[in-house]
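Asks: Structure provided below as structure tokens; questions to follow.
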Amino acid sequence: MKKKFIYVFAVLAAGLIVLNACRHEILHPGNGGSGTGGGTGGGTGSTNTCSPDTVYFVNDIMPLISSNCTMSGCHDAITHAEGVNLTSYDRIVRYVSPGNASGSKLYKEIIKTGNDRMPPPPMPAFTAAQKALLQKWINQGAKNNSCVGRCDTAVFTYSGAIKPIMDAKCAGCHNPNNLGGNIDVSTYNPLKTVALNGKLYGSVAHQLGYSPMPKGAAKLSDCEITQIQKWIAAGTLNN
């Protein structure tokens, strides 16, 4: 109990002290750094065309873990709270039983409720959809896989493209309980503010004069950046 209290206190303190330092580690070598899914296909070294029935580590799971679990003060390479480092595939699968989500420590910690859950309060809990994604990836074998072709630049609505990007890759560091850079992208209204003042596109496109985002993690794919750009140009609608 004492150990758990110390851990939660450390997370809260980190949130207050290091608001601008939501720190992630770069993806495991070989997993691609562009966000386009240029890693291994189930450990075979191949790149697959995205299947709607498959969950991919590089495209889906690593961004989710990076945004919600590897902030400074939590499970990054420097802090590794309670000895847990979740900054790469090899480290993440230590807490996974491939093919058995219900028997995997990572999944069991994520689905807990109240003060026992991870990420711990006041950090946002994983959504039902995110829990289901993690569960499906584990049950499919927890492969170190990736794919290309899922993103479609013709889709750039807030609900269909922008919010999913923010939820998976940005909101863990930029939400009311963890205001990295004093920025919130977890809901429409605050996201619209940073979209209209240029910070959103400038940061994800890594333009000069803006802090590149996601911080320390793989850059968004060209397709995702285009979706954001087109959403802004169309008027940042809540559509």
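Rule-based calculations on the coordinates, nothing more; no lab input. Not measured: the values here are computed from a predicted model. Note that each Cβ is placed from the backbone with ideal geometry, even for glycine, and that neighbours are counted across all protein chains shown.
Asks: Take peptides 152-161, 178-187 and line them up by average Cβ neighbours within 10 Å, highest first, as a rough protection proxy.
Replies: 178-187, 152-161
Asks: Taking H placed 1.01 Å from N in the peptide plane, check which residues at least 5 places from Ser97 or on another chain put their amide H under 5 Å from its amide H.
Replies: Here Ser104, Lys105 satisfy the definition.
Asks: Next question. Relative to the Cα centre, what is the charge dipole magnitude of the range 166-239, using +1 at the beta carbon of each Lys and Arg, -1 at the beta carbon of each Asp and Glu, and rounding to the nearest 20 debye?
Replies: My answer is approximately 100 debye.
Asks: Same structure, new question: Counting Lys and Arg as +1 and Asp and Glu as -1, what is the net charge of the other residues whose Cβ lies under 13 Å from the Cβ of Ile225?
Replies: Here the count lands on +1.
Asks: Read phi for every residue in the range 183-199 and hand back ³J(HN,Hα) as whole Hz from Karplus 6.51 cos²θ - 1.76 cosθ + 1.60, θ = phi - 60°, with x for Gly and Pro.
Replies: Rounded to whole hertz, the list is 10, 10, 10, 7, 9, 4, 4, x, 5, 4, 4, 6, 6, 6, 8, x, 5.
Asks: I need the phi-derived Karplus couplings for the range 162-172: 6.51 cos²θ - 1.76 cosθ + 1.60, θ = phi - 60°, integer Hz, Gly and Pro marked x.
Replies: Those phi angles translate into 6, 4, x, 5, 4, 4, 7, 10, 10, 5, x Hz.
Asks: Let me ask something else. List the pairs from Lys108/Lys230; Lys131/Lys199; Lys112/Lys215; Lys105/Lys192; Lys105/Lys215 whose alpha-carbon separation is above 32 Å, in the order I gave them.
Replies: Among Lys108/Lys230; Lys131/Lys199; Lys112/Lys215; Lys105/Lys192; Lys105/Lys215, the Cα-Cα distance tops 32 Å for Lys108/Lys230; Lys105/Lys192.
Asks: Apply the a/c threshold of 1.5 to the C-alpha gyration tensor of the range 119-182 and tell me whether it is rounded, prolate or oblate.
Replies: oblate
Asks: Is the C-alpha gyration tensor of the range 151-233 telling us rounded, prolate or oblate? Criteria: a/c under 1.5 is rounded; beyond that, a/b larger than b/c is prolate, otherwise oblate.
Replies: rounded
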